[in-house]
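The values are calculated or read from the model by the stated rules, or taken from the named source; none is laboratory data. Only a predicted model underlies this, so the values are computations on that prediction, with no experimental measurement involved. Note that we place each Cβ from the backbone using ideal geometry, even for glycine, and neighbour counts take in every protein chain shown.
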Amino acid sequence: MKQVVIVEDEEYMREELAYMFTQAGYQASCVTDFVSAAEQIMELRPDLTVLDVNLPGTTGYAICEKLKKQAVIPVLVLTSRDQIQDELCALNLGADEFLTKPCRKERLLARAENLIKRYESRRNQIGREGFSLDRQTYVLYYGEHSVVLPENQGKLMELLLSRVGEVVPKKEMFQALWGTTKYIDENALQVNMTRLKGRLARLDTGWKIEAVRGVGYRLKEEG
């Protein structure tokens, strides 16, 4: 069953949307803590997020931007705002669809279904828009390009992408590569990491791996 997360502050509208998607065969969940909405959505990893723009404590724009920077999750913006600048702002921040209220049920469900289908082939991907990794095949997608990573490099990239900007300790990398922290091969880890760093540089992905002496590594955007 496909899962839809609804981020809407108006209780009546939220309940109507949840009922509509449930009746259409979806599992509908609602987020009402809007300040932490992005984190909740990323934890749930739904097939679709339906997002309002006007929210207390934050905006749908801010949630959309954060989601698209940290995950591969489709976002449909549903809002009462109907100005072209509102739509352009949402789309520029990564929103996949923009619909204005009131919206016919049939139209909303059709857009939702089409959007979910577009993303189905990307369900195994981790990362963000424009830079992601297929966790099953270790295909790295960057911009309009892609490359298959060797298994060990793929495992390391998956770990780094799961914690973008954070330092990943070496012991977690040992676990990812060899399934244990008891067998420690600093040289083998360094060889794999050097090859991965070099590959990112040659491909001009816009991302780099930074070593944190004595601790581990982190993935960050260049510039």
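Structure above, values below:
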item	result
Residues of the stretch 98-138 classified as within 16 Å of the chain's Cα centre (by Cα) and of a type outside the set (Gly, Ala, Ser), total	16
Residue that is in a loop (DSSP other than H, G, I, E, B), surrounded by 13 or more Cβ atoms within 10 Å (Cβ to Cβ) and not assigned by TED's automatic domain parsing to the domain that holds Tyr141, where the choices are Ile73, Ile63	Ile73
From the options Gln23, Gln27, residue that is modelled with pLDDT of 95 or more and in contact with a strand residue (DSSP E or B) (Cβ under 6 Å, 6 or more places away or on another chain)	Gln27
Positions within the stretch 44-57 being assigned to a strand (DSSP E or B) and surrounded by fewer than 17 Cβ atoms within 10 Å (Cβ to Cβ), in sequence order	Asn54
Strands (runs of 3 or more DSSP E) contained in the stretch 85-193 and holding at least 1 residues touching a helix residue (DSSP H, G or I) at 6+ places or on another chain (Cβ under 9 Å) and modelled with pLDDT of 90 or more	97-100, 131-134, 139-142, 145-148
Condition check for Val35: over 25 Å from Asp134 (Cβ atoms) and part of a strand (DSSP E or B)	no
Residues within the stretch 111-152 that are within 16 Å of Lys2 (Cβ to Cβ) and either charged (D, E, K, R) or touching a residue at least 40 places away in the same chain (Cβ under 8 Å) (or both), tallied	11
